[in-house]
Amino acid sequence: MSTSRAPGPDPHPITQPALEYVGERAGLLVQNRPVVSLSAWLSDALRSVTTSHRALYIITPSTSRITPPIRFLLPIGGSRWVVREPDGDECYDGLSGARLHWNGEQYQPVVGEKEQAVRSPTFLTEQPGLGRQLIVNLRVRHAATTSTVLGGACAMLAEALSGARPAGWGTAEPVSQSWRESDITAFARRRAPKPTWFVIGGGGGSDGARPLLGSIEVHRVPSGLDEHIALYVGYGPDEPLPTDDLPAIVDDLASAFTVVTLVAQFVSGRRDLTYTPHWSGFPRPLGLLAGNEAVSAVGLGQALAPPRDVTGIGVGDALAPGVYYPLRGDADDEGWFRFKRVLKHLGVDDDSVGS
């Protein structure tokens with residue numbers, strides 16, 4: 001299907017001028033920009049389409065890139081990054097590489113032998129000169145009191161990893177609000193008890209701080225408030241990851257905050273933290289923190305005696321410690337096997353870690 005024009009009449013129009021087409025099952029948004037970010041109008045388009053139980057397809061040329069907030073919001077509700085092949089009207093999924101076809105209502109993967117998706121050769125093209133992107137998912141728990149202030153754990157982690165606190169935050173890109181934890185807290189409090197999600201940004205400027213992007217999501221839970229923090233920090237091809245520094249960074253975090261979980265991993269990618277529609281390898285784990293809650297459930301002695309080839313390091317409050325496990329995914333291919341062995345040892349479900 002050509003994506004240069006709408007594929008048919010619009011049976012259920014949505015009041016969203018950015019969309020080229022809205023059908024029964026999907027909406028199309030064509031973008032020819034070099035970088036597609038989660039702008040305010042694109043965020044509105046995504047919300048309008050997905051809340052009506054449709055998928056949003058962001059259609060770009062193969063030379064476009066997207067930012068982390070779009071990368072991780074798009075799969076919700078079956079939305080896709082649809083990339084046009086450079087030599088014609090064929091398309092592929094910019095995140096998985098699966099060739100796509102338009103069936104009149106939605107994009108679906110082209111299936112080949114053994115019912116497996118056919119991959120685009122453009123997606124599989126090697127990218128020279130890539131750096132690495134450090135990804136840290138952190139969950140912090142707070143008491144739901146009037147004195148609780150959000151954003152402190154994010155600021156501490158950002159400064160330790162990038163060299164500077166976040167510059168700003170907002171509900172879209174580029175971030176529009178200066179970084180003030182009191183403002184973040186007030187914003188989340190106005191939305192309570194509904195969840196709150198926003199983007200953070202910083203680094204990459206003349207101060208020498210590394211590029212930093214991420215998000216914070218705040219949820220009410222029975223025991224208080226949970227902050228789900230995702231940070232992405234960019235490294236050039238010759239810049240080492242802070243693998244050896246992570247135990248001390250995690251110890252500082254666990255001493256200052258009630259950390260539920262932390263997972264640090266990295267993936268090959270651009271230092272500026274944008275994603276290209278090309279294969280860059282699987283993420284690999286650097287470390288896992290089990291907070292006091294998980295450690296208490298199995299006992300400190302068992303938590304500090306993990307399975308073979310893994311070391312447990314006590315961190316945080318001595319009276320209620322967590323345990324950090326270096327997984328060394330940057331040194332060999334065994335990182336995810338170590339990760340799964342630790343979770344099994346702790347009796348923790350994979351899906352609950354880092355979420």
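Provide the FRET efficiency to the nearest 0.05 for the residue 52-residue 101 pair, computing r from the beta carbons and using R0 = 25 Å. Display every interim value, and only then the final one.
Values: r = 23 Å, r/R0 = 0.94.
Efficiency, from the Cβ-Cβ distance: 0.60.
Quote the FRET efficiency, to the nearest 0.05, computed for residue 319 versus residue 238 with a Förster distance R0 of 45 Å and r equal to the Cβ-Cβ distance. Write down the numbers at each step before the final one.
Values: r = 43 Å, r/R0 = 0.95.
That gives a FRET efficiency of 0.60.
What distance in nm lies between label points placed 7 Å from Cα along the C-beta direction at residue 41 and residue 147?
Those two pseudo-labels are separated by 4.7 nm.
Looking at the stretch 108-253 only, what percent of DSSP beta bridges run antiparallel? Nearest 5 please. Please report the intermediate quantities before stating the final value.
Working: 34 of 34 bridges.
Percent antiparallel among DSSP bridges in the stretch 108-253 is about 100.
Want the number for residue 311 to residue 186: 0.36 nm per residue separation, take away the alpha-carbon distance, what's left? Show your work: numbers first, answer last.
Details: separation 125, 0.36 × 125 = 45.00 nm, distance 4.05 nm.
In short, 41.0 nm is gained.
Any idea which of 157, 144, 262 is furthest toward the positive side of the dipole for the chain, if Lys and Arg beta-carbons carry +1 and Asp and Glu beta-carbons -1?
Of 157, 144, 262, it is 144.
What nm distance separates the two modelled labels at residue 217 and residue 340, each placed 7 Å from Cα along Cα→Cβ?
That separation, rounded to one decimal, is 2.4 nm.
Of the heavy-atom accessible surface of the chain (probe 1.4 angstrom), what whole percent is carbon and sulfur? Let's see the in-between values first.
Details: 8460 of 16570 Å².
Carbon-and-sulfur percentage of accessible area, whole number: 51.
Tell me the label-point distance for the pair residue 31, residue 178, using the 7 Å Cα-to-Cβ offset, in nm and rounded to one decimal.
2.9
Say we join alpha carbon atoms closer than 10 Å with springs in a Gaussian network model of the chain; which of 321, 222, 195 then has the biggest fluctuation?
Between 321, 222, 195, it is 222 that shows the largest mean-square fluctuation.
Tell me, what is the per residue accessible area of the chain in Å², probe radius 1.4 Å?
On the way: 16570 Å² over 355 residues.
Result: 47 Å² per residue.
Treating only the Cβ atoms of Lys and Arg (+1) and Asp and Glu (-1) as charged, compute the dipole magnitude of the chain about its Cα centre; round to the nearest 20 debye.
Working: 32 positive and 38 negative charges, 131 e Å.
For the chain, the charge dipole is close to 640 debye.
So how do 340, 114 rank on accessible area, 1.4 Å probe, biggest first, that is with the largest at the start? List each step's numbers first, then the result.
Working: 340 120, 114 180 Å².
Heavy-atom accessible area, descending, gives 114, 340.
If the chain between residue 24 and residue 248 were fully stretched, how many nm would it gain, using 0.36 nm times the residue separation less the Cα-Cα distance? Mind dumping the intermediate values first?
Working: separation 224, 0.36 × 224 = 80.64 nm, distance 5.22 nm.
Using 0.36 nm per residue and subtracting the Cα-Cα distance, I get 75.4 nm.
Filter the trypsin sites (Lys or Arg not before Pro) in the stretch 231-321 down to the DSSP loop ones having no more than 15 other Cβ atoms within 10 Å, then list what survives.
Values: sites: 270, 271, 308; in loops: 270, 271, 308.
Within the stretch 231-321, the qualifying trypsin sites (Lys or Arg not before Pro) (loop, at most 15 other Cβ atoms within 10 Å) are 308.
The values are calculated or read from the model by the stated rules, or taken from the named source; none is laboratory data. These numbers come from a predicted model, not from an experiment. A quick note on method: Cβ atoms are made from the backbone with ideal geometry, for glycine too, and the neighbour counts reach across all protein chains shown. We work out accessible area using only protein heavy atoms, side chains counted, and drop any ligands, DNA or RNA first. Shrake-Rupley method; radii C 1.70, N 1.55, O 1.52, S 1.80 Å.
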